[in-house]
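The values are calculated or read from the model by the stated rules, or taken from the named source; none is laboratory data. Here the structure is a predicted model, which is why all the values come from computation and not from measurement. Counting neighbours? That spans all protein chains shown, and the Cβs are built from the backbone with ideal geometry, glycine included.
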């Protein structure tokens with residue numbers, strides 16, 4: 001994004017707790033978890049911004065005491081051909097945030113994957129259930145504290 005576009009974005013989000021950062025040449029914005037829905041509505045609905053397409057969402061385990069987890073949403077404005085990354089830092093003990101699937105429908109599957117693999121809970125998600133692991137599986141395989149070789153006998157395997 002150009003400097004002028006970034007300044008417009010900063011002005012539009014001036015009432016919110018945000019921190020702008022560089023993500024490999026693209027604009028990144030850390031957003032307070034309690035304000036995420038309001039910020040994302042502005043990003044999507046404001047005619048000067050129109051970030052109408054959520055391309056991807058990933059979860060990250062920083063493996064640190066404070067703000068261990070992060071959700072990163074890759075958002076594109078098709079009209080203006082601009083990309084930004086929305087980042088939310090999540091609590092280490094109970095990683096939880098509001099679901100963005102009510103703003104961008106494509107967030108549904110990405111958030112389910114983050115729930116299944118990292119244990120991040122999404123409030124008001126329309127269908128938050130595991131997609132890879134069995135429902136009764138009590139671990140989260142992509143967390144950095146999950147053993148590299150897995151947990152013996154945690155999932156019944158088929159007989160040979």
- Any idea which of (1) without any contact (Cβ under 8 Å) to a residue 40 or more places away in the chain; (2) surrounded by 11 or more Cβ atoms within 10 Å (Cβ to Cβ) is the one residue 102 doesn't satisfy? (1)
- Query: Taking the stated definitions as given, is residue 8 touching a strand residue (DSSP E or B) at 6+ places or on another chain (Cβ under 9 Å), outside any loop (DSSP other than H, G, I, E, B), in contact (Cβ under 8 Å) with a residue 12 or more places away in the chain and surrounded by 14 or more Cβ atoms within 10 Å (Cβ to Cβ)?
  - Reply: no
- For segment 106-119, state whether one or more residues are in contact with a strand residue (DSSP E or B) (Cβ under 7 Å, 6 or more places away or on another chain) and within 26 Å of residue 10 (Cα to Cα). yes
- Exception for residue 91 within (1) under 30 Å from residue 6 (Cβ atoms); (2) touching a strand residue (DSSP E or B) at 6+ places or on another chain (Cβ under 8 Å); (3) buried (at least 16 other Cβ atoms within 10 Å of the Cβ) falls at (3)
- Message: When the residues of segment 132-150 are narrowed to those that are loosely packed, with under 12 Cβ neighbours inside 10 Å and closer than 24 Å to residue 108 by Cβ, which ends up nearest to the chain's Cα centre (by Cα)?
- Response: 132
- Item | Condition broken by residue 56, with the remaining ones in (1) surrounded by 17 or more Cβ atoms within 10 Å (Cβ to Cβ); (2) at pLDDT 95 or above; (3) touching a helix residue (DSSP H, G or I) at 6+ places or on another chain (Cβ under 9 Å) satisfied | (1)
- Inspect segment 131-147 for any residue being in contact (Cβ under 8 Å) with a residue 40 or more places away in the chain, in contact with a strand residue (DSSP E or B) (Cβ under 7 Å, 6 or more places away or on another chain) and farther than 27 Å from residue 37 by Cβ and give the result as yes or no. yes
- Test: residue 128 is at pLDDT 95 or above, in a loop (DSSP other than H, G, I, E, B) and touching a strand residue (DSSP E or B) at 6+ places or on another chain (Cβ under 7 Å): yes
- Task: Looking only at segment 107-125, count how many residues are crowded, with 17+ Cβ neighbours inside 10 Å and in a helix (DSSP H, G or I).
- Result: 11
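Residue by residue, here is whether (1) out of contact with any helix residue (DSSP H, G or I) (no Cβ under 8 Å at 6 or more places or on another chain); (2) more than 26 Å from residue 121 (Cβ to Cβ) holds:
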site: 11; (1), (2): yes, yes
site: 19; (1), (2): yes, no
site: 30; (1), (2): yes, no
site: 41; (1), (2): yes, no
site: 60; (1), (2): yes, no
site: 70; (1), (2): yes, no
site: 73; (1), (2): no, no
site: 95; (1), (2): no, no
site: 102; (1), (2): no, no
- Item | Matching residues, segment 12-45, being exposed (fewer than 15 other Cβ atoms within 10 Å of the Cβ) and within 18 Å of residue 69 (Cα to Cα) | 19, 21, 23, 32, 34
